[in-house]
1. Once you measure Cβ to Cβ distances between cysteines in the chain, which Cys have no partner under 4.7 Å?
2. For a quick check of your reading of the filter: which GluC sites (Glu not before Pro) in region 451-538 sit in a DSSP loop and have no more than 15 other Cβ atoms within 10 Å?
3. Read phi for every residue in region 631-640 and hand back ³J(HN,Hα) as whole Hz from Karplus 6.51 cos²θ - 1.76 cosθ + 1.60, θ = phi - 60°, with x for Gly and Pro.
4. Kindly provide the helix-only [θ] at 222 nm of the chain, computed as the sum of -39,500 (n - 2.57) over DSSP H runs of four or more divided by all residues, to the nearest 500 deg cm²/dmol?
5. Could you tally the net charge around Ile137, taking each other residue with its Cβ under 14 Å from the Cβ of Ile137, Lys/Arg +1 and Asp/Glu -1?
6. Can you sort Lys561, Lys282 by how many other beta carbons sit within 10 Å, fewest first?
7. Which of the aspartates and glutamates could a cross-linker span from Lys332 if the Cα-Cα distance has to be under 15 Å and same-chain partners fewer than 8 positions apart are dropped?
8. Which ³J(HN,Hα) values in Hz, rounded to whole numbers, follow from the phi angles of region 142-152 under the Karplus curve 6.51 cos²θ - 1.76 cosθ + 1.60, where θ = phi - 60° and Gly and Pro get x?
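Please treat every number below as a calculation from the coordinates, not as lab data. Since we're looking at a predicted model, the values are computed, not measured. Methodologically, a virtual Cβ is constructed for each residue, glycine included, from the backbone with ideal geometry; neighbour enumeration extends over all protein chains shown.
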Amino acid sequence: MSEYNFTDNQIAIIEKLALEQSLTDLGKLLSANDYRSEQLETLLKVANALYRSGHPIIDDQKYDEYLDLFKSLDPENPFLSNVEPELLIDSKTVPLPQKMLSTDKAYTFEEIKKWTERITKAATEIDFEQDLIALKITPKLDGYAAYDDGITLYTRGDGTRGQDITRAIERGLKVANNANRGLGPGEIVIKKSYFDEVLSNKFENSRNIQAAIIAEKKVDEDVQKAIDDGACVFYPFSQLSNWTGSIDELLSNFDSILEKMWVAVDFDIDGLIVETTNAPIKQHMGATRKFHRWQIAFKVNDESAEVEVIKVVPQTSRTGRVSPVAELVPTKLSGATLSRATVHHYNMVKTNGVGPGAIIKLVRSGLVIPKIEAVIKAAEPELPENCPSCNAHLIWESDHLICPNKSDCPAQTENTLIHFFKTLGNVDGFGPKVIEKITQFGIKHIHEIYQIPKLKYVEFGFGDKTSQNLIDQLQASREIEIEDWRFLAAFGVSRLAGGNCEKLLQHHSITELFDVSVEQMVTIDGFAQLSAEAIVEGLANVKDEFFKVYDLGFHLAVTDKASDREDSDSPIAGAVIVFTGAMQQGSRSDMEKHAKLLGAKVAKSVTGKTTYLVTGEKVGETKINAARDKGVSVLTEQAYLNLIG
């Protein structure tokens, strides 16, 4: 009997459960074929805790198989009537404003049909006209269940008591669709597109991030950026895209409705919620201790097949990441013939042997997306050395191959231009739609946009007034002062976001950077060998375009050198400062910039290393008290101004 190897993160969660079984015993349970009811209860508790903490040990389908077996062995066990608790956090619980129950599950059309028969029966029992029965279908978000009453954000906990996680709102977590707060139950989620493009090489899965958003202590800086970028949101169920119709419409068009709703949102989903919206029926049917009877979740059993790989083809995305696409011997799965599947990243190709002749287990999940579940028989992997779009030498960045040629790679042209103006932050007119229109006329480089005369903009289809506005915006972008680190970051060099740009510019001027060697860069704190190699190669790729743009004459505020800061005798030199709330003496960014000039380090969230939390208006007591609990000095805006003189 093989023994399961738990990860460190899984072990930490299991230890919180305080089980009597050892890790060895739990590992043996996972590979057993026969179970007693108490063993299944333990296995279900462990699987639930690990899933909700972002470190799953089994998939949903396997969990439900264990659950069904447990029901047959011990149908009266209290575990079956309780809501599976959310992630274990070391803090006290508080009553929820409203009970949050789990949702019963169905895996087949027949089960959905039987559920609709129960709805019809309930309507008959209360003399409710069957022609008026209304159903609604929404995506079942695979996130972190929470409840927002407008003041406090709670975890679902055990459905009756949760934990106060309002700190997530204070960190900048927004409500989806710019909706107001106080919309009740929902899920904390992260956009799939953002996770795939930005975070998939840093986090194993999106649930890791959902757990990090509500962490009591330090928030990972990548997670904080995802919050700031609006990629992480609290999504109230009431705001979800939905299908509405009658029971007959649902049963007649079941597959087409499911196909449409399964891709209705840019978030991970693990099923669809089907429910009646008729209040009298809902009231009559009520709920068990665990489920609402008027609601059910439809989930899909993944179908799989063993398929042979013909070849692996590289494709460069608009962000420069090169994705491996496996071309397969055509195979029918879930009613569709599949001949291609995206491999997660090139490290998977390399380590698992995905190449011509390899046999893979292909799974079609959620009716739509084929994915490679496992490699059954490995083969010699195919790894490209050059970008298929521009032929530039590829570099490794974690698990991914990246094209560092941001300025001349056709696949990246549009995204490079969008990134430049978005990062620059002082040009309103050049959003994605304008850039898309311009690139259709052969404009590929940043400097070319600045050289387009007004007449050309008119020829591109912009109105006379709009064309003049675009010209004025470009002129203003050169005249308005911006930080040199922001200007450098706008060129999108791999591993050279704003923070790293600022660090480098504390030691070298912006024009000197292009002559800095890898050996010189690794002497700067925070730059390891691989990062330095990637940055030096990336700078070399954009050098020509950088100076063409730089020579247009931008008004750059030069970053203070580290040596100047070390000599600073300001009262906040070396301090770590977080600004929060609305400031009166200037914008928060202005105050942050000034603090840096005085030698302070500016952070976005409070940790044990924070020296001062400077508060403006409308700052909650919870945030202030949490900072004080960490030993952080809390200053009002005026007290801070008095401190720095």
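1. Cysteines lacking a close Cβ partner in the chain: Cys232, Cys501.
2. When the GluC sites (Glu not before Pro) of region 451-538 are filtered for loop state and at most 15 Cβ neighbours within 10 Å, Glu481 remain.
3. 3J(HN,Hα) across region 631-640, in whole Hz: x, 8, 6, 9, 10, 6, 4, 5, 4, 5.
4. About -10500 deg cm²/dmol.
5. 0
6. By the 10 Å Cβ count, ascending: Lys561, Lys282.
7. Asp302, Glu303, Glu306, Glu308
8. 9, x, 10, 5, 8, 9, 10, 9, x, 10, 10
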